[in-house]
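The values are calculated or read from the model by the stated rules, or taken from the named source; none is laboratory data. Note that the structure is predicted; figures quoted are calculated from it, not measured. Every residue, glycine as well, gets a Cβ built from its backbone with ideal geometry; the counts of neighbours run over all protein chains shown.
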Amino acid sequence: MDQNPKTIQSRETGLKQACDVAALFDICGPLEVDDFEEKGNINQQTYLISAGTPDHRTEYLLQKINPAVFKRPRLVMQSMISCIEAQRNALSQGALHGDEEWETIQLIRTRKGEDYLEIEGSEGADCWRMMVRMPNTCAYKSLWGIRDPEQRFRVAEETAKGLALFGNLTSGMLTGSLSPSLPGYRDTRLYYDQLDSLTNGNCTIDQAADFLPADPLVRQCTEQHYFVHLDGKEFKHRMTDPEVRRLIAVAGEQKAFAHSLLEGMACGRLKISVIHGDTKLDNFLFSRRTGKVRSLVDLDTIMPHTWLSDWGDMVRSLVNAAGEKESDIRKIDVDLDVFKAMARGFLGSARNINMDETGLMVEAAQILALELGIRFLADYIRGDTYFKLGNSDPRDLNKTRARVQFAVFERLRAKAKTAKRQIQEILETLSL
């Protein structure tokens, strides 16, 4: 199939710009630039840079922080740099035990000695960073793409071990000096307020005023999510959908439960630490030689919270074999063998957790599935303005995503007793 000439031209323009930007960083030429195929959904302008002499080439990743998502890219970089430095300091003090492996992201300075590059554009400063591509590592797009069950369990265990190691290495960071790069992110109350405002049919900021956050910065960054962006007919169609009404009812019934992690932090029962904020599988890198987890990358959402939110987000994602876009909800289930492998990996390496927290590991997975389900549901009712649809996506994709997460929540809850027993057995084994 012939490619669209505009697409080809856009790609060539992007590669030319990337080459020009890469030349401003302190690396040796000549340079070769290409698209990085493994880039995520947010920072779409990510490029693979190969530089150096023919007999000594080094690969780098050049990335522009997406200004549409991250309104304050300097803050993103400040938190990222602090997180890297904390990990390096911990490693230098012998934080790893036994055969644990770890490597931190290595940022490349600009030729002017800056940690990142700011280029003034028509809509403000664009922020670019360059990192060494970690050699001899691999990532997995999907746990369930691994056909061998034993290997699947090993990867699940190593992934959870990686989260524990990340927590160990960043435990010295002062959370008071960190501000979320996405104000309002991981605030379950905020997502409920958005859903309540939308189900009330508010179509303007003024109409949604009673539901908006009190914090001026959070309001500025999130206010567009509190009102409906659809025409009246389509909004009515979505709101009268029996499945949408059912999900709204479930969300309402579980509101107190969904807020329990936030309340635990507020009363001091759950300690506030540095979290990663996006513990999807492909943010973990593994050694090609040993298979062990080696790094946790994509440090754009470093923030203060409870580690249980990172754990819960990872679990709700990996135990779901059917994936997040499965339209047949009967196929949604949670694999407790995977859960057990993850619990074993995490608890076997985590060194900064307490019994109050481990007692909520099962509930945390339920809460994060519920939270994401509410976010998908609200976006469907709103008009798909946050989780934007591609040209080939069905119009009800975000409703499907919401149904999947609510189903994961319900399956996790149904199997909670077994999951809690698994955790208790692991803890008893570790204490021997």
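Filtering 378, 369, 343 for residues that are crowded, with 16+ Cβ neighbours inside 10 Å, among the small types (Gly, Ala, Ser), in contact with a helix residue (DSSP H, G or I) (Cβ under 8 Å, 6 or more places away or on another chain) and more than 21 Å from residue 225 (Cα to Cα) leaves a single hit, 343. For segment 93-113, taking the residues that are under 25 Å from residue 59 (Cα atoms) and exposed (fewer than 14 other Cβ atoms within 10 Å of the Cβ), the one that is nearest to the chain's Cα centre (by Cα) is identified as 106.
I need the full set of residues from segment 48-66 which are of a type outside the set (Lys, Arg), free of Cβ contacts under 8 Å to residues at least 24 places away in the same chain and assigned to a strand (DSSP E or B), in order please. Show your work before the answer.
Taking segment 48-66 and keeping what is of a type outside the set (Lys, Arg), we get 48-56, 58-63, 65-66.
Filter once more, so that each one left must be free of Cβ contacts under 8 Å to residues at least 24 places away in the same chain: 50, 54-56.
Correct list: 50, 56.
Selection over segment 265-311 of residues that are closer than 20 Å to residue 183 by Cα and in a helix (DSSP H, G or I) gives a count of 6. Being modelled with pLDDT under 95 and either of a type in the set (Asp, Glu) or not assigned by TED's automatic domain parsing to the domain that holds residue 428 (or both): is that true of residue 335 here? It is false that residue 335 is modelled with pLDDT under 95 and either of a type in the set (Asp, Glu) or not assigned by TED's automatic domain parsing to the domain that holds residue 428 (or both).
Considering every residue within segment 146-153, establish whether at least one is surrounded by 21 or more Cβ atoms within 10 Å (Cβ to Cβ) and modelled with pLDDT of 95 or more. Among the residues of segment 146-153, at least one is surrounded by 21 or more Cβ atoms within 10 Å (Cβ to Cβ) and modelled with pLDDT of 95 or more, which makes the answer yes. Meeting the requirement of 1 or more residues that are free of Cβ contacts under 8 Å to residues at least 40 places away in the same chain and either crowded, with 19+ Cβ neighbours inside 10 Å or not assigned by TED's automatic domain parsing to the domain that holds residue 401 (or both), the helices (runs of 4 or more DSSP H) wholly within segment 169-261 are 188-199, 216-222.
Quick one: in segment 263-273, of everything that is out of contact with any helix residue (DSSP H, G or I) (no Cβ under 6 Å at 6 or more places or on another chain) and surrounded by 15 or more Cβ atoms within 10 Å (Cβ to Cβ), which residue is nearest to residue 307 (Cα to Cα)? Can you show your working first?
Going through segment 263-273, the residues out of contact with any helix residue (DSSP H, G or I) (no Cβ under 6 Å at 6 or more places or on another chain) turn out to be 263-268, 271.
Next, only the ones that are surrounded by 15 or more Cβ atoms within 10 Å (Cβ to Cβ) stay: 264-265, 271.
Values: 264: 12, 265: 11, 271: 9 Å.
My answer is 271.
With the structure loaded, tell me whether residue 354 is surrounded by fewer than 23 Cβ atoms within 10 Å (Cβ to Cβ) and under 26 Å from residue 267 (Cα atoms) or whether it fails that test. It is true that residue 354 is surrounded by fewer than 23 Cβ atoms within 10 Å (Cβ to Cβ) and under 26 Å from residue 267 (Cα atoms). Filtering 51, 86, 125, 90 for residues that are buried (at least 18 other Cβ atoms within 10 Å of the Cβ), touching a Pro at 6+ places or on another chain (Cβ under 8 Å) and either small (Gly, Ala, Ser) or over 30 Å from residue 184 (Cα atoms) (or both) leaves a single hit, 51.
In this structure, is residue 86 modelled with pLDDT of 95 or more, of a type in the set (A, V, I, L, M, F, W, C), under 25 Å from residue 314 (Cα atoms) and assigned to a loop (DSSP other than H, G, I, E, B)?
On the way: modelled with pLDDT of 95 or more: yes; of a type in the set (A, V, I, L, M, F, W, C): yes; under 25 Å from residue 314 (Cα atoms): yes; assigned to a loop (DSSP other than H, G, I, E, B): no.
Taking the combined requirement at face value, the residue does not satisfy it.
Just name the residue that is farthest from residue 423 (Cα to Cα) out of those in segment 347-366 that are at pLDDT below 95 and not in a loop (DSSP other than H, G, I, E, B).
Let us first name the residues in segment 347-366 that are at pLDDT below 95, namely 351-356.
Still in the running and not in a loop (DSSP other than H, G, I, E, B): 355-356.
Working: 355: 11, 356: 13 Å.
Applying the filter and picking the extreme gives 356.
Of all residues in segment 404-428, which are in contact with a Gly (Cβ under 9 Å, 6 or more places away or on another chain) and surrounded by fewer than 23 Cβ atoms within 10 Å (Cβ to Cβ)?
Of segment 404-428, the ones in contact with a Gly (Cβ under 9 Å, 6 or more places away or on another chain) are 404-409, 420, 423, 426.
The answer is 407, 420, 423, 426.
Go through segment 397-432 and count every residue that is in contact with a helix residue (DSSP H, G or I) (Cβ under 7 Å, 6 or more places away or on another chain) and part of a loop (DSSP other than H, G, I, E, B). Within segment 397-432, residues that are in contact with a helix residue (DSSP H, G or I) (Cβ under 7 Å, 6 or more places away or on another chain) and part of a loop (DSSP other than H, G, I, E, B) number 1.
Has segment 328-335 got at least one residue that is among the aliphatic types (A, V, I, L, M), under 22 Å from residue 266 (Cβ atoms) and part of a helix (DSSP H, G or I)? Full working, then the answer.
Taking segment 328-335 and keeping what is among the aliphatic types (A, V, I, L, M), we get 329, 332, 334.
In the following step, the residues that additionally are under 22 Å from residue 266 (Cβ atoms) were identified as none.
Within segment 328-335 (the criterion being among the aliphatic types (A, V, I, L, M), under 22 Å from residue 266 (Cβ atoms) and part of a helix (DSSP H, G or I)), the answer is no, since none of the residues qualifies.
Quick check: is even one residue across segment 63-79 over 18 Å from the mean Cα position of the chain (by Cα), of a type in the set (Gly, Ala, Ser) and surrounded by 17 or more Cβ atoms within 10 Å (Cβ to Cβ)? No, because not a single residue in segment 63-79 is over 18 Å from the mean Cα position of the chain (by Cα), of a type in the set (Gly, Ala, Ser) and surrounded by 17 or more Cβ atoms within 10 Å (Cβ to Cβ).
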